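What follows is a set of notes on a single structure, which appears directly below.
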Amino acid sequence: EHGLQVDSVNGNFHLDEPSVYKATSSMPVCDVVLVCLKSTNNYLLKDLIPPLLHENSLVILIQNGLGLEADLSEEFPALKNIAGAMAFICSNKIGTGHISHLDEGSINLGLYKGDIRILEEVNSDLIESGAKSGIVDLEPARWKKLVWNIPYNGMTVVLNTTTDSLMKDPSSRLLVYELMMEVIYAANEVGEGRFSLPESFAGQMMETTDKMTPYSPSMKLDYDHKRSLEIEYIYSRPILEALKSGFEMLRVSMLEKQLRFIQSRYMPS
């Protein structure tokens, strides 16, 4: 009704008449479909996506976690082109048609299956628009994003705090680092012979977070508003993948169980 207002660290802007639809069934078919739902709502995709697709449509999942693309491919076996995207941005919705962008703002695209040329075109379009975008190997990139997502999403919920407070306290800062290292070890077991994450990546992520504007990650905002938490793809799937490779993520498993307990207090199953 009043357009879209974005309050951004890079400069505020307003879109007077964004193209908005009440239902995907009212939309034209699309060359590229960006899925920006929380993964807790992926059960809706079976109805949302079909009206948008033509034979060569590319679906890009801009979501956090592991196993998202595999599940989409299983749900839509005829879908030829699937990619994942890892967005590193501090932003959230603060009102109807009102977005707050506090910090960061880059995105990495990784092909799951299909024609890489289509993804390259998307990447070029993003770069031309001024976005920091690149194409990466999807599986290690998903794990790299988890190095940040797993400690900060979960710990801000469990300790009811923000990223800056976690980093200022020596005990919680150490636990963040230990969780990061456990994710890196798990990734390297899963990726043995195919990819590996350097142990120094944990320190890089902590330095990046030290410089960030104080921030409540998406899971903390979901907890504050008593919404469903993205536990399955951010915690449970990585734990299972690591176990398949013989590695037990003990700290991450404890954090997963704590999150499930907390969620059960306000969303009984």
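Pull out the extension gain between residue 80 and residue 115, defined as 0.36 nm times the separation in residues minus the alpha carbon to alpha carbon distance; nm, one decimal.
Working: separation 35, 0.36 × 35 = 12.60 nm, distance 0.81 nm.
Extra length from residue 80 to residue 115 when fully extended: 11.8 nm.
Within the same chain, lysines fewer than 8 places from residue 220 are excluded, and of the rest, those with a Cα less than 29 Å from its Cα are 22, 38, 46, 93, 132, 144, 145, 168, 211, 257. Cross-link reach is defined here as a Cα-Cα straight distance under 13 Å, omitting same-chain residues fewer than 8 places apart; for residue 244 the aspartates and glutamates meeting it are 189, 192. Which of 82, 233, 157 sits closest to the plus end of the dipole of the chain, meaning its Cα is farthest towards the positive end, when Lys and Arg get +1 and Asp and Glu get -1 on the C-beta? About the Cα centre, the residue reaching furthest to the positive side is 157. Ordered by the number of other Cβ atoms lying within 10 Å of each residue's own Cβ, fewest first, 152, 215 fall into the sequence 215, 152.
Stretching the chain fully between residue 25 and residue 199 yields a gain of 58.0 nm (0.36 nm per residue, less the alpha carbon separation).
Between residue 96 and residue 173, what is the FRET efficiency for a Förster distance of 25 Å, r being their Cβ-Cβ separation, to the nearest 0.05? Can you show the working numbers first?
On the way: r = 37 Å, r/R0 = 1.48.
Efficiency, rounded to the nearest 0.05: 0.10.
Simple spin-label estimate for residue 129 and residue 243 gives 3.9 nm between the two label positions (7 Å along the Cα-to-Cβ direction from each Cα). Values (i) 15.0; (ii) 15.8; (iii) 14.2 are given for comparison; mean projected area of the Cα convex hull in nm², derived from the coordinates here, is the one labelled (i).
If the chain between residue 16 and residue 55 were fully stretched, how many nm would it gain, using 0.36 nm times the residue separation less the Cα-Cα distance?
Details: separation 39, 0.36 × 39 = 14.04 nm, distance 3.27 nm.
Full extension from residue 16 to residue 55 adds 10.8 nm.
Take every DSSP beta bridge whose two residues both sit in the chain; close to 50 percent of them are antiparallel. For 235, 177, the sequence from fewest to most other C-beta atoms within 10 Å is 177, 235.
Read the figures in this text as sums done on the coordinates, not as results from a lab. Keep in mind that this is a model prediction, so the values were computed, not measured. Note that each Cβ is placed from the backbone with ideal geometry, even for glycine, and that neighbours are counted across all protein chains shown.
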